[in-house]
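Student: Here you go, one structure.
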């Protein structure tokens with residue numbers, strides 16, 4: 001069963017697999033960091049008011065703004 005949601009909807013501790021990016025801009029930005037569809041991702045923490053959020057992907061921590069995370073579709 002496929003359960004696709006936006007990365008911005010996940011809570012700390014949840015893991016998912018990146019499915020796709022909704023804009024080319026975010027795709028190019030994250031591709032440069034090795035963040036590609038098929039990679040496992042974990043939400044590490046969210047700041048006050050959920051912006052930004054820290055995620056673990058490809059062996060490192062990355063901070064994303066909520067508007068960026070809302071452009072990443074994941075499968076939980």
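Read-outs: derived from the displayed coordinates by stated rules, not from any lab. Keep in mind it's a predicted model, so treat the numbers as computed, not measured. Quick reminder, even Gly has a Cβ in these numbers, built from the backbone with ideal geometry, and neighbours come from all protein chains shown.
Student: Mind listing whichever residues of region 21-60 are closer than 13 Å to residue 8 by Cα, free of Cβ contacts under 8 Å to residues at least 40 places away in the same chain and over 10 Å from the mean Cα position of the chain (by Cα)?
Tutor: Once the filter is applied, which keeps residues that are closer than 13 Å to residue 8 by Cα, free of Cβ contacts under 8 Å to residues at least 40 places away in the same chain and over 10 Å from the mean Cα position of the chain (by Cα), region 21-60 yields 44, 45, 46, 47, 49, 51, 52.
Student: Just checking, how many residues over region 4-22 are in a loop (DSSP other than H, G, I, E, B) and either surrounded by 12 or more Cβ atoms within 10 Å (Cβ to Cβ) or in contact with a strand residue (DSSP E or B) (Cβ under 6 Å, 6 or more places away or on another chain) (or both)? Working first, answer last.
Tutor: We begin by selecting, within region 4-22, every residue in a loop (DSSP other than H, G, I, E, B); these are 10-14, 22.
This time we only want the ones that are either surrounded by 12 or more Cβ atoms within 10 Å (Cβ to Cβ) or in contact with a strand residue (DSSP E or B) (Cβ under 6 Å, 6 or more places away or on another chain) (or both), so: 10, 12, 14, 22.
Number of matching residues: 4.
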